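Below is one structure, written out as structure tokens, with a few remarks after it.
The values are calculated or read from the model by the stated rules, or taken from the named source; none is laboratory data. Because the structure is a prediction, the values reported are computed rather than measured. Cβ placement follows ideal geometry from the backbone for every residue including glycine, while neighbour counts extend to all protein chains displayed.
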Amino acid sequence: MLRLRVPIAVFRGAALAAALALPACGGAEAAPGGPLRVLATTTLLASLASDVGRGRAEVSSLLPVGASPETYQPAPADMVRVHDAELIVENGAGLESWLAPMLRSGAARTPIVNCSDGLPIVAANPHLWLDPEYARQYVSAIRDGMIAADPAGAAAYRANAAALDARLRALTARIRAQIATIAPANRNMIVFHNAWLYYNRRFELRTLGAIVEVPGSEPSAAHLARLIDLARAARVRAIFAEPEYNAKLVNAVARSAGIPHVALLYDDSVGTSPQTRDYVAMLETDTATIVGALR
């Protein structure tokens, strides 16, 4: 979905006062013939947008590699980047709660692609991108947003999006084939936070529980005790940590529950290695990790 923001309020705090000394209209115009300036909120959205805009758009991520969008705190320099963008790509579904005040303050007329708009959001969980079939819908939304912002590049955006869509369809097939090698009784996961809802629904895995129920908050002792009991009863084979967070709690739960494998999954951000540096590579690596731990 593509839409325009309307100014409502002033962004919080004097720390951003200097950044707000910019033209009030927002959405700076590109130099004639220059690339479309696209700002994605996360590295994963930037990965998809880079493929759609290849050869035509200049795409960057507001969040750095390794940052979680659920706990991110914007810096004054982020306001400048938001203002300078000609198109903003967000996940939506409540993920970027910190973004709306920035947009109300500085980039009132910058068009925004809400990638999750129209998709079935379950239990207010925003992590739809981890289902590659939903990622295909993200690609379509990004394509349409780029075409609206840069009509002269329509043919290039359509061709790039079609190529990426084919890669994502093939990715779904590969993941399904790999997950099928796990015995159904072993398809139980304990995760750090519940990012894997849509992936697991697509590929018939089960998230029995998450260590952190609300990102950025500490779990209670009672919650961890229930999780340990649940893991023991289901004979969970693996617990999955995330690179953005300290693995101390994960290791403690694994020891207490007798879980034999502790593995690392990428979900909110790409990584820095060739195996995790873009959306497709990251999800392939995650799938190999899940299969290796549960099979």
Problem - the stretch 249-291: number of residues that are among the small types (Gly, Ala, Ser) and buried (at least 20 other Cβ atoms within 10 Å of the Cβ) - result: 3
Practice task
Out of the residues in the stretch 97-111 that are of a type in the set (A, V, I, L, M, F, W, C) and surrounded by fewer than 21 Cβ atoms within 10 Å (Cβ to Cβ), state the one that is modelled with the lowest pLDDT.
Solution key: ALA108
Problem - Checklist (1) in contact with an Asp or Glu (Cβ under 9 Å, 6 or more places away or on another chain); (2) part of a helix (DSSP H, G or I); (3) under 21 Å from GLY153 (Cα atoms) applied to ALA49, failing item - result: (1)
Practice task
Assess whether TYR138 counts as being of a type in the set (Phe, Trp, Tyr), under 30 Å from HIS261 (Cα atoms) and in contact with a Leu (Cβ under 7 Å, 6 or more places away or on another chain).
Solution key: no
Exercise for the section: Exactly one condition in (1) surrounded by 14 or more Cβ atoms within 10 Å (Cβ to Cβ); (2) in the same structural domain as LEU128 (by TED's automatic domain parsing) is not met by ARG169; state its number. Expected result: (1)
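Yes/no per residue for (1) modelled with pLDDT under 95; (2) small (Gly, Ala, Ser); (3) over 16 Å from the mean Cα position of the chain (by Cα); (4) under 30 Å from GLY216 (Cα atoms):
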| position | (1), (2), (3), (4) |
| --- | --- |
| LEU128 | no, no, no, yes |
| ARG136 | no, no, no, yes |
| LEU171 | no, no, yes, no |
| ALA183 | no, yes, yes, no |
| ASN188 | no, no, yes, yes |
Completion exercise
Selection from the stretch 52-74 of residues touching a helix residue (DSSP H, G or I) at 6+ places or on another chain (Cβ under 7 Å), of a type in the set (Val, Ile, Thr) and outside any strand (DSSP E or B) yields VAL52, VAL65
Handout entry: Residue list for the stretch 187-207, restricted to those being surrounded by fewer than 17 Cβ atoms within 10 Å (Cβ to Cβ) and either touching a residue at least 24 places away in the same chain (Cβ under 8 Å) or of a type in the set (Gly, Ala, Ser) (or both)
Key = ARG201, GLU204
